[in-house]
Each structure stands twice: as C-alpha cells, then as structure tokens.
Amino acid sequence: MGDGVYAQAEKILFYSRTALDGSWDGTPTNSYNIWVMNFDGSQRKALTSDSLYPINSYGWSISRDGILAAFHSYRNLDGSTNSPPPYTSVGNLTGNIWKIKTDGTGLTALTRNTVDGLRSRSATFSPDSSLIAFTSKTALDGSWDGTAALSDNLWVMGVDGSNRMPLTRNTISGASVDELFDTSVWYQNVVCP
C-alpha cells in the first residue's frame, strides 16, 4: 500500500501510489497521495488525487479528533494537479504545507512559497491540534519567496496558517533540522505562541 502510516482518533492516515479508484491491483499513480481509512480498513478514501510526477503529497499528520489532516505537497497553490507548478523542477522542489478535512473537503495551502528550493515539509499537529510544527527553508523573516535559508529550520504556526514563526534559525548549509514524524516532537510543557 504505502510507505508510511500514522494513526490517531480511530483513523489511519497514510500515503500511497495506490490507484485513485481504490482498487488494490489497479494501475498505480505516478505520484504519492494522502489516504485515510478506519482502523478496520473500511471507508478508505484518497484525500488528494495527484497523478502527475513530480506532484507528490506526503509528510502527513492527523489532528487528535481525526477531523483534519496536514501534509506537504508539491501541487500548485490553487490546488490543481493537472500540470507541474511552473516553479517546480525535478530535484529542487518547492513544497508547501496543506490541510484538508478527513472527509476530503477544505483543501487549503497554509504556506505559499513559489521559489525553487523554498520547501516546507513534515507537518505535525500539536497534541491539542491548535498548532502545526513543520520544517522549512522559508526565509527567516517569514516572507514568501524571500531568500531561502541554507538549512531547514523548525517552524510553528496556527492550524489556520496564522502566527507563523521560526523556532530555530540555522543560517549555514548543512545545519538542517531533520524531518518531523509524529506528535512526539511536542513536549508537554512547551508553550508556543
């Protein structure tokens, strides 16, 4: 099925190249998509419908109540997937953080970079699902399409994309924060704005 699975609130969120019609032995897509299903395997549904390489969606997290999924994707900022974004080149992709309801509605870009290499990825909900942590090469002043940081930094923002701020400020090449994988990155007593 997919390369990764994340379970929360009686739903399983995963990414896969499974055929978008949901058939197990159908023709796989050329891109990874975000899927959701119940723990018993029922109600399996693709939340994204990417099929054109290099448009992939992964780096997923699900809110504690199971209502929202956050992920990163190389899709166009308008949500379309019929052509690669004009700012995307193979090997140096610009990814943004997105959210969607687990019923498949409400697809929204939370970050809005369009310059090659200004990627944001590894979205992870806070335990109370009010914040999203992610890694990004976004300019440290927070400007969209500004000068990229030479390393990925850890950022946090509200679940609606507001109050975005870097928590680390690496400025030299090779000092990147690694990808975030689950809510274990949130320590119980940390207070974020």
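The values are calculated or read from the model by the stated rules, or taken from the named source; none is laboratory data. Since this is a predicted model, take the numbers as computed values, not measurements. Because the Cβ atoms are built from the backbone with ideal geometry, glycine has one as well, and the counts that use them run over all protein chains shown. Surface accessibility is based on the protein's heavy atoms, side chains included, excluding ligands, DNA and RNA. Shrake-Rupley method; radii C 1.70, N 1.55, O 1.52, S 1.80 Å.
Quick check on my filter: what residues within region 12-31 are touching a strand residue (DSSP E or B) at 6+ places or on another chain (Cβ under 8 Å) and either under 15 Å from Ala70 (Cβ atoms) or open to solvent by 60 Å² or more (accessible area, probe 1.4 Å) (or both)? Reasoning before the result, please.
Step one: filter region 12-31 for residues touching a strand residue (DSSP E or B) at 6+ places or on another chain (Cβ under 8 Å), giving 12-18, 20, 22, 31.
Leu13, Phe14, Tyr15, Arg17, Leu20, listed by residue number.
What is the number of the single condition among (1) outside any loop (DSSP other than H, G, I, E, B); (2) at pLDDT below 80 that Gly26 does not meet?
In the conditions (1) outside any loop (DSSP other than H, G, I, E, B); (2) at pLDDT below 80, Gly26 misses (1) alone.
Report yes if Gly174 is among the small types (Gly, Ala, Ser) and open to solvent by 50 Å² or more (accessible area, probe 1.4 Å), otherwise no. Reasoning before the result, please.
Numbers: among the small types (Gly, Ala, Ser): yes; open to solvent by 50 Å² or more (accessible area, probe 1.4 Å): yes.
Here the answer is yes, as Gly174 does meet what is asked.
In the list Leu68, Leu110, which residue meets the criterion of being of a type in the set (A, V, I, L, M), modelled with pLDDT of 85 or more and open to solvent by 30 Å² or more (accessible area, probe 1.4 Å)? Lay out the reasoning, then the answer.
Numbers: Leu110 fails: open to solvent by 30 Å² or more (accessible area, probe 1.4 Å).
Criteria check complete, one pass: Leu68.
Just the residues that are surrounded by fewer than 24 Cβ atoms within 10 Å (Cβ to Cβ), modelled with pLDDT of 85 or more and not basic (Lys, Arg), please, taken from region 36-55.
Val36, Met37, Asn38, Phe39, Asp40, Gly41, Ser42, Gln43, Ala46, Leu47, Ser49
Does region 29-85 hold any residues that are under 16 Å from the mean Cα position of the chain (by Cα) and among the acidic types (Asp, Glu), and which are they?
Passing the criteria: Asp50, Asp78.
From (1) in a strand (DSSP E or B); (2) in contact (Cβ under 8 Å) with a residue 40 or more places away in the chain, pick out the condition that doesn't hold for Leu154.
Leu154 satisfies every listed condition except (2).
Could you say whether any residue in region 119-133 is at positive phi, surrounded by 15 or more Cβ atoms within 10 Å (Cβ to Cβ) and either part of a loop (DSSP other than H, G, I, E, B) or touching a Pro at 6+ places or on another chain (Cβ under 7 Å) (or both)?
yes
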